[in-house]
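Derivation of every value follows stated rules applied to the coordinates shown; laboratory data play no part. Everything numeric here is computed off the predicted structure, so don't read it as measured data. Because the Cβ atoms are built from the backbone with ideal geometry, glycine has one as well, and the counts that use them run over all protein chains shown.
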Amino acid sequence: MLNTGNGKLIRRHATMALHLVGLNIAGPSAKYRAAHGRLVQLMRGVYIDSDDNADALVLRNAVRIAHYLYPKAYLSAASAILLTPTPEGKLFLSSRRNQRTRLRAGDQITIGRTVFIFNRQNAG
């Protein structure tokens, strides 16, 4: 909020805010602000202001978010040349092959045109 000097407060909204837990916001603070409607959690550790456009913010910060979520990965294919998502919104990452990965509720696995969404209730 910005005080205009005449007793009125206006919201200063020059840029959309991306909040990454451990980098620019503490975990408890993010959870508190999300519980009170000031932030929206996009995924584990990634939050935005509640009045921001999530699609635009994610596309603008895709490389930063990918680095936060996958610190050992690197840009590959078209993303390595463009240094941003493709016009279709895809971001290509590469990393060392992982033999085993623990899935969390909501994780998506895409094989061809088929998308599998992991749901803990269905887990054996």
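For Arg96 and Leu23, what is the calculated FRET efficiency with R₀ set at 35 Å and r taken between the beta-carbons, to the nearest 0.05?
0.90
Can you tell me how much longer the chain between Ile117 and Tyr74 gets when fully stretched, taken as 0.36 nm per residue apart minus their C-alpha distance, in nm with one decimal?
So the chain would gain 13.0 nm between Ile117 and Tyr74.
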